[in-house]
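The values are calculated or read from the model by the stated rules, or taken from the named source; none is laboratory data. Remember, it's a predicted structure, so these values are computed and weren't measured experimentally. In this analysis, Cβ positions are derived from the backbone assuming ideal geometry, glycine residues included, and neighbour counts consider all displayed protein chains.
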Amino acid sequence: MARHSSVEQRPALLELPWRSRPEQVWNLSDRNCDGLVLIHWGSSSTNNGSNGKYTIAELVSNTTESPYPSAAINNPPGGAINYTTYPPSAAGLADYFIGSQSIVIDALDRAWVLDTGRVQTPNGTLVGASYGGPKLVGIDLSSNSIIQTILFPPTVAFADSYLNDVRFDLRPSVTASGKGIAYITDSSVEGRNGIVVVDLGTGESWRHLDGHPSVRPQQQYLSYQWGVPLFANNPGRPFGFNSFGADGIALSADGETLYWKTVGGRYLYSIPTARLRDNGPTSEILAQSSINNHGETGQTDGMETDTNNFIYHGNMEQNAISFFNPANGTSQIFVRDPLINWVDTMSVGTDGYLYFTVNQLSFGTGFYPGTDRRVRPFAVMRAKLPGNGTKVLLC
């Protein structure tokens with residue numbers, strides 16, 4: 001009797017009510033994509049100020065993109081790297097994008113660009129940030145104009161921080177300013193991982209969970225993509241293990257719980273957001289005692305939430321996206337396809353689809369053997385959400 005060799009060919013699995021089939025939406029012919037918000041995307045390419053590269057782009061057709069919100073803000077004068085310091089450092093220019101990692105649209109239809117303030121030299125060395133580089137920039141989508149810039153002080157964004165992803169809660173009740181709050185992961189491979197919290201009304205920011213095991217990578221963590229071991233390629237040093245800390249981040253549908261995962265690990269964690277918003281003298285003790293470990297759910301980069309309160313997360317070793325259901329504590333496969341590899345930033349649309357990038361990051365120069373094995377084009381894909389799920393609006 002013939003046997004099916006593919007899980008996807010088994011009708012019993014395909015008929016599960018939460019399973020979906022992916023479809024390819026856009027091709028990105030040359031540039032890989034880290035962040036995504038349906039029409040805009042972010043990348044962490046190095047910009048020398050004159051080579052026409054940019055870190056935030058807008059898709060203007062199925063295969064064409066342009067710098068967003070302008071070419072000027074994506075081209076810092078003199079370049080993104082300051083070679084007058086020793087060692088070289090990233091430029092501390094508050095009015096320009098230095099190394100933008102993520103772009104997110106909030107519940108009021110404003111775009112927010114998260115700038116790490118760090119970029120790579122031509123040999124792949126990630127230079128340290130300077131004050132003015134790490135920032136959160138708000139953009140009015142109707143006019144494509146900047147409406148707010150929040151700079152992170154060196155006590156919040158260290159020179160070796162890597163501010164990776166951000167989520168927003170704009171409910172007036174969550175801050176005294178009434179303007180909402182942002183939660184940011186610091187995934188730095190140098191090790192000072194944590195969660196950054198920002199009051200959008202006052203611009204004040206602070207850190208929580210610094211160095212806690214839940215935000216740190218597992219020691220000697222090794223994962224596989226398409227059967228290939230993902231050893232880290234460290235310029236000038238031996239190959240090592242994946243050392244990315246807290247990366248993917250998602251808010252529950254009611255805004256009362258924050259979920260996160262490290263890239264260098266498979267565990268899912270959460271914490272009541274009230275513990276993170278508290279910045280009092282004993283707040284860190286209370287925060288660390290309030291962390292929940294939901295077990296192993298696969299290796300993840302991007303995360304997102306829908307109105308079902310399903311917490312979607314990449315499951316790259318399974319060529320899949322899974323979702324965690326807080327109602328019963330289980331994680332299930334949502335969509336699986338051979339084309340899915342390194343699932344980066346996700347975005348839920350009001351059209352009831354989950355959009356996600358497939359950027360082949362695991363086959364770039366950052367991993368063993370250190371050569372670029374990615375195959376163009378890079379892809380933006382989408383899958384229909386189960387149970388009439390749609391975008392969560394916390395405002």
Which numbered condition trips up residue 243, out of (1) hydroxyl-bearing (Ser, Thr, Tyr); (2) part of a loop (DSSP other than H, G, I, E, B); (3) under 28 Å from residue 381 (Cα atoms); (4) in contact with a Phe, Trp or Tyr (Cβ under 6 Å, 6 or more places away or on another chain)? (4)
In the list 79, 49, which residue meets the criterion of being over 26 Å from residue 380 (Cα atoms), modelled with pLDDT under 90 and assigned to a loop (DSSP other than H, G, I, E, B)? 49
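Look through 100, 187 and report the one residue that is modelled with pLDDT of 95 or more and among the polar types (S, T, N, Q). Steps first, please.
Values: 100 fails: modelled with pLDDT of 95 or more.
Unique residue meeting the criteria: 187.
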Going through segment 54-71 one residue at a time, which ones are modelled with pLDDT of 80 or more and either among the charged types (D, E, K, R) or surrounded by 12 or more Cβ atoms within 10 Å (Cβ to Cβ) (or both)? 55, 56, 57, 58, 66, 67, 68, 69, 70
Out of all the residues in segment 125-141, is one or more farther than 15 Å from residue 90 by Cα and in a loop (DSSP other than H, G, I, E, B)? yes
Filter segment 167-197 for residues that are assigned to a loop (DSSP other than H, G, I, E, B) and buried (at least 23 other Cβ atoms within 10 Å of the Cβ); which is farthest from the chain's Cα centre (by Cα)? 180
When segment 239-262 is checked residue by residue, the ones that are closer than 15 Å to residue 276 by Cβ, free of Cβ contacts under 8 Å to residues at least 60 places away in the same chain and surrounded by 23 or more Cβ atoms within 10 Å (Cβ to Cβ) are none
Of the residues in segment 254-310, how many are modelled with pLDDT of 95 or more, of a type in the set (D, E, K, R) and in a loop (DSSP other than H, G, I, E, B)? 5
Only residues that are of a type in the set (S, T, N, Q), within 14 Å of residue 76 (Cβ to Cβ) and more than 17 Å from the chain's Cα centre (by Cα): list them for segment 106-145, please. 130
Residues in segment 117-135: is at least one in contact with a strand residue (DSSP E or B) (Cβ under 7 Å, 6 or more places away or on another chain) and farther than 19 Å from residue 188 by Cα? no
Selection from segment 104-115 of residues that are among the hydrophobic types (A, V, I, L, M, F, W, C) and assigned to a loop (DSSP other than H, G, I, E, B): 107, 108
For segment 262-300: of the residues being within 23 Å of the chain's Cα centre (by Cα) and among the hydrophobic types (A, V, I, L, M, F, W, C), which is farthest from residue 170 (Cα to Cα)? 263
Limited to segment 210-223, what total is found for residues that are within 20 Å of residue 114 (Cα to Cα) and crowded, with 22+ Cβ neighbours inside 10 Å? 1
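Yes/no per residue for (1) farther than 18 Å from residue 267 by Cβ; (2) under 20 Å from the mean Cα position of the chain (by Cα):
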position: 206; (1), (2): yes, yes
position: 209; (1), (2): no, yes
position: 212; (1), (2): no, yes
position: 226; (1), (2): yes, no
When segment 178-227 is examined, which residues are found to be closer than 17 Å to residue 157 by Cα and charged (D, E, K, R)? 186, 190, 192, 199, 204, 207, 210, 216
Taking segment 347-362 as the search range and keeping residues that are at pLDDT below 90 and among the hydrophobic types (A, V, I, L, M, F, W, C), which one is farthest from residue 240 (Cα to Cα)? 358
Test each condition in (1) surrounded by 19 or more Cβ atoms within 10 Å (Cβ to Cβ); (2) part of a strand (DSSP E or B) for residue 147 and report the one that comes out false. (1)
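Condition check ((1) within 16 Å of residue 198 (Cβ to Cβ); (2) in a loop (DSSP other than H, G, I, E, B)) across all residues:
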{"site": "84", "(1), (2)": "no, yes"}
{"site": "94", "(1), (2)": "yes, yes"}
{"site": "102", "(1), (2)": "yes, no"}
{"site": "117", "(1), (2)": "yes, yes"}
